[in-house]
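The values are calculated or read from the model by the stated rules, or taken from the named source; none is laboratory data. For clarity, every value in this text was computed on a predicted model and none was experimentally measured. For neighbour counting, all protein chains shown are included, and Cβ atoms are generated from backbone atoms with ideal geometry for every residue, glycine included.
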Amino acid sequence: MTARVAIALTAAFLALAAPAAAQSPKPADVTRIESAIVELSKQKRAADGDVSARRRAATGALGPCRTKGPGWTRIRRVRDRAQRNAYTRGARALWGDLHEVAEEGAWVQVYTPFFERFLRRFDTPLSDPVLQAGVQAQRKRLAYQQAANSFGTCATFNTQLRKVREFKVGGSHGVSGDYYAGRIYNTFVGYVANRQRSAARVHWSSRYEDALDAASAQLKALGGNEGYANYFPFAFRG
């Protein structure tokens, strides 16, 4: 999610918070969550410049391996044109995917201290089990985002390109050699998606999405502000 879209969502969600003062007293659990949301939202909005700067730095750090470096040297040493072209296409796709990871990782890095503070406000558990499950899901979201967006680097790119080699089967390149090169191409193209799926298997699942949605609905049911309740599932997103 881009910073512009995130700002728009934040504004839309929190604009609904204005009538909150006119409502009847809320349960302590709701008040705690809403107070934490207000603080987190302010910190995120104030950090827009830091996110942009971190994103530029991450993109700049990936620049040197876009067309140069040890990985590309390995590709250019492959004499067979078909295999070399397959590796080139795969490397370009891999670099593009890592670039997206690096951009996502920029806001994850900037927002992590804010979100850790948000979570520390719930070291004393909430009394409502549905809301507490939502907080626990937020802890899992933080772990997932960190694992899924922490490897957009040239080191990752060049490590993957160590797989590049020239294949000869029966003394010639031919279709069989192209097949083996194609398998390596597929690892490049699928690398980021596979790694993020692995992160999801460890840290995230649909039950946590359900817990966030249930907590949002529970906040509304307990008299919480609709804007804050809608914001809650998206609290740690860019």
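A few comments on the model shown:
- Comparison of Val202, Val175, Val135 shows that the only residue that is over 21 Å from Arg117 (Cα atoms), assigned to a helix (DSSP H, G or I) and either at pLDDT 95 or above or under 18 Å from the mean Cα position of the chain (by Cα) (or both) is Val202.
Per-residue answers, yes or no, for (1) modelled with pLDDT of 95 or more; (2) buried (at least 18 other Cβ atoms within 10 Å of the Cβ); (3) within 20 Å of Phe232 (Cβ to Cβ); (4) hydroxyl-bearing (Ser, Thr, Tyr):
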position	(1), (2), (3), (4)
Ala11	no, no, yes, no
Ala22	no, no, no, no
Ser35	yes, no, yes, yes
Leu40	yes, yes, yes, no
Arg45	yes, no, yes, no
Arg54	yes, yes, no, no
Trp72	yes, yes, no, no
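- Flag for Tyr111 being over 30 Å from Trp204 (Cα atoms) and in a helix (DSSP H, G or I): no
- Counted residues, the range 185-223 - those being surrounded by 19 or more Cβ atoms within 10 Å (Cβ to Cβ) and over 24 Å from Gly134 (Cβ atoms): 4
- The listed residue being out of contact with any Pro (no Cβ under 8 Å at 6 or more places or on another chain), exposed (fewer than 13 other Cβ atoms within 10 Å of the Cβ) and on the phi < 0 side of the Ramachandran plot, out of Thr59, Thr67: Thr67
- Residues being over 19 Å from Glu34 (Cα atoms), part of a helix (DSSP H, G or I) and among the aliphatic types (A, V, I, L, M) are entirely absent from the range 114-132.
- Output for the range 120-179, where each listed residue is free of Cβ contacts under 8 Å to residues at least 60 places away in the same chain and either of a type in the set (Gly, Ala, Ser) or in contact with an Asp or Glu (Cβ under 7 Å, 6 or more places away or on another chain) (or both): Ala147, Ala148, Asn149, Ser150, Ala155, Gly170, Gly171, Ser172, Gly174, Ser176
- Flag for Gln138 being surrounded by fewer than 17 Cβ atoms within 10 Å (Cβ to Cβ) and within 17 Å of Ala215 (Cα to Cα): no
- Positions within the range 56-99 being more than 27 Å from the chain's Cα centre (by Cα) and not in a helix (DSSP H, G or I), in sequence order: Arg77, Val78, Arg79, Asp80
- For the residues Arg117, Arg121, the requirement of being loosely packed, with under 14 Cβ neighbours inside 10 Å and more than 16 Å from the chain's Cα centre (by Cα) singles out Arg117.
- Every residue from the range 174-231 that is charged (D, E, K, R) and under 24 Å from Ala137 (Cβ atoms): Arg195, Arg197, Arg201, Arg207, Glu209, Asp210, Asp213, Lys220, Glu226
- Unique match (being modelled with pLDDT under 95, farther than 30 Å from Ala28 by Cβ and crowded, with 18+ Cβ neighbours inside 10 Å) among Phe157, Phe167: Phe167
- Filter pass, Ala148 being buried (at least 16 other Cβ atoms within 10 Å of the Cβ), small (Gly, Ala, Ser) and either farther than 20 Å from Trp107 by Cβ or modelled with pLDDT of 95 or more (or both): yes
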